[in-house]
1. Could you point to the residue in His316, Asn74, Gly347 farthest towards the positive end of the chain's charge dipole, with +1 and -1 charges on the Cβ of Lys/Arg and Asp/Glu respectively?
2. Could you tell me how far the Cα centroid of the range 97-112 sits from the Cα centroid of the range 154-211, in Å?
3. Under 37 °C and 0.692 mPa s, how fast does the range 189-248 diffuse according to Stokes-Einstein, given a Kirkwood radius computed over C-alpha pairs? Answer in µm²/s, whole number.
4. In whole Hz, with x marking every Gly and Pro, tabulate ³J(HN,Hα) for the range 153-165 from phi via Karplus 6.51 cos²θ - 1.76 cosθ + 1.60, θ = phi - 60°.
5. Of Tyr181, Leu285, Ile338, which is farthest along the charge dipole of the chain in the positive direction, counting Lys and Arg as +1 and Asp and Glu as -1 at C-beta?
6. Place a +1 charge on the Cβ of each Lys and Arg in the chain and a -1 charge on the Cβ of each Asp and Glu, then give the dipole magnitude about the Cα centre in debye, rounded to the nearest 20.
7. Amide H neighbours of Arg80 under 5 Å, counting only residues 5+ apart in sequence or on other chains, H built in-plane at 1.01 Å?
8. Using only the alpha carbons, work out the radius of gyration and Dmax of the range 137-190 in angstrom.
Amino acid sequence: MDGPATDRSGYAKGMRALAAWTFLAMSSLSPFAAADAVDDVVRIRMDDRHIQGLSLAVVEKGRLVSARAYGLANVELGARASTDTVYEIGSVSKQFAAVAVMKLVEEGKLDLDKPVRTYLPKAPDKWDRITLRHLLTHTSGLKNLNDIAGFEVTEKLDQAKTIAKLAVPDLEFEPGTKYAYRNTGYSLAGYIVENTVGKPYWTYLRERFWEPIGMRTATTRDLFTVIPNRADGYEWENGKLTNRDSDLTDIFAAGAIAASVLDLAQWVARFKNDSVLKAPSWNVLWTPHKLRSGESTGYGMGFSIGTFADERLIGHGGSTAGFSSTIQWLPDRDLAVIVLTNAGEVGVATRVAREVLTALTGKKPTPKEMES
């Protein structure tokens, strides 16, 4: 496995000394021991899980304290991964949709508890009991669009065609009564944002969030667009490495963002201030939703909420064909690990990130807490 790539960007210099690992005073290890421990975790897991390229960042108290890349962004060309490498981030994209909705809630333009038909004029009558909150908490009862034929990216579906396809199946359960993780709600949330702001969803994200906070590479993963520093995705199948299948599902706002680890470090750095959302709005996203029965789902809006040893853990993993990504954040100490890979194994980035958190904090989470 190739060693760590050296970051070359001026942007990285502006993000506080990426030339070498720097580590946190809170670590139970010395800075050098912590760096070695993280390198060991990453290299072992890359070899074990056949990860070709990986970029990692650690953010503490709104400051990027370390970033490093390992392996190859493109195996065929021998192109090394860097902290500027752009990966598909899969369902980590959902938090951007949730934040976009909450920003419009703050501005009085959306209401989480109004029926989605208020904001989607072409929605069918049978959706009249589904609210925007149901979409974002995976409690709408809508069928997963991944399980419906005709949602391939090559179909180039627009809003009207998407809703028409989703309107055919019956609801799988009464809205608010069950939790079922689905891409459908977040795809529809993206259209609601578009209808509310009067511009394409991707344009709104770029203008309202990405550019103002310095996320300079974040974009849609569109397969036909030339994206500088884009990684290629890989799968390990039947004992050999293969290129990922590009016959992808169009998941839109639910999972179609591509970005670098430095971009996501800029994003995470805003979790504890009001430059993106006000604190009460963040807290809505980070509060586990409760079903009508009172049972907690363990999921807020765009974020999963769990535990890491005796600490609260907030984050989200993402997987698309050929890619695995994650943000794992300990809010009480404001420490986050971001891992992006071009490996298609579901949950592998989250596993690496939690192992890195273990190395940094000295915590001993349960085996269940180590899994995604």
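1. With unit charges placed on the Cβ atoms, the residue in question is His316.
2. Comparing the Cα centres of the range 154-211 and the range 97-112, I get a distance of 14 Å.
3. Working: Rh = 14.2 Å.
This corresponds to a translational diffusion coefficient of 231 µm²/s.
4. My calculation for the range 153-165 gives 4, 5, 6, 6, 5, 9, 4, 4, 5, 4, 5, 4, 5 Hz in order.
5. Farthest along the dipole direction, towards plus: Leu285.
6. With Lys and Arg at +1 and Asp and Glu at -1, about 880 debye.
7. Answer set, sorted by chain and number: Ala73.
8. Using the Cα atoms of the range 137-190, the pair Rg, Dmax is 11.1, 35 Å.
Only the coordinates and a few stated rules stand behind these numbers; no lab work does. Here the structure is a predicted model, which means the values were calculated and not measured. Note that each Cβ is placed from the backbone with ideal geometry, even for glycine, and that neighbours are counted across all protein chains shown.
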